[in-house]
Amino acid sequence: MTSTSRTAGPDRWHHYGASSRGRRSLRCLHWDWYQRIGPGAELLGDLTGRTVAELGSGPGHQAAYVATELKAVRVIAIDSSTAQHSRGRDLYEGAPGLDFVHDDAAAYLRDYPSSLDVVYSIFGALDFSDPQTLLPSAAVALRPGGTLVFSTLAHYRTGEPPETECRPADIPTRMPDGRLGTMRRWVLGASVWKELLDEHGFDVVHGDTVHDPGETARRR
């Protein structure tokens with residue numbers, strides 16, 4: 001399934017991931033930056049017979065794992081990037097129960113109230129969309145008792161501390177024509193996320209910081 005995209009402007013993810021087009025068979029699901037330590041799929045709960053959405057699914061590696069290994073009845077992989085949406089479809093469109101949707105995550109969620117059991121994001125749309133728009137949209141789309149799980153940066157990748165209020169920073173990216181550009185990213189402190197979640201009707205059940213040892217410790 002593919003929806004009509006309501007995204008606007010140039011695709012700032014056009015070049016991202018272009019050099020690694022291959023299908024990736026995940027052995028497990030993690031929430032850290034390098035996908036190797038910390039909590040796993042247990043944070044999502046038992047997904048048997050459940051309907052799940054990933055916000056900012058990129059090339060679909062995690063969504064395919066959730067659909068095939070965790071036995072969700074339907075996984076909706078939402079991404080606003082034309083390039084990332086196309087990569088995901090090319091790699092995993094045949095996975096049972098997995099639908100790729102090319103759309104703005106908040107707009108899609110608002111269109112389908114009380115339709116989802118679980119919504120999750122792994123350094124995805126909750127990093128790159130205004131949480132004051134996306135969080136209430138997720139609350140609308142979740143059924144009563146539904147679950148939102150997401151991972152986001154605890155500090156900027158430069159080492160700078162997170163924001164102490166809900167405001168984005170401009171980070172560098174490359175535009176489709178090769179020119180340098182910027183995109184907005186929300187790198188917020190844990191207390192800011194807690195306030196936002198409270199404001200939009202979520203009960204925070206669990207929160208943690210995963211101290212990733214960095215790229216040099218990555219397994220080969």
Requested in this report: Sort out which residues of the range 57-83 are farther than 15 Å from G45 by Cβ, open to solvent by 20 Å² or more (accessible area, probe 1.4 Å) and either assigned to a loop (DSSP other than H, G, I, E, B) or basic (K, R) (or both), and write them in order of number.
Outcome: P59, R74, S80
**Report entry** Single unsatisfied condition, H211 versus (1) free of Cβ contacts under 8 Å to residues at least 12 places away in the same chain; (2) in contact with a strand residue (DSSP E or B) (Cβ under 7 Å, 6 or more places away or on another chain)
**Finding:** (2)
Report summary line: By residue number, the members of the range 109-131 that are in a helix (DSSP H, G or I) and either closer than 15 Å to R185 by Cβ or open to solvent by less than 10 Å² (accessible area, probe 1.4 Å) (or both) are L109, A125, L126, D127, F128, P131
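The values are calculated or read from the model by the stated rules, or taken from the named source; none is laboratory data. Keep in mind the model is a prediction, meaning the values are calculated, not measured. Cβ coordinates were reconstructed from backbone atoms using ideal geometry, including for glycine residues, and neighbour counts include every protein chain displayed. Areas reflect the complete protein model, heavy atoms only, side chains present, ligands, DNA and RNA absent. Shrake-Rupley method; radii C 1.70, N 1.55, O 1.52, S 1.80 Å.
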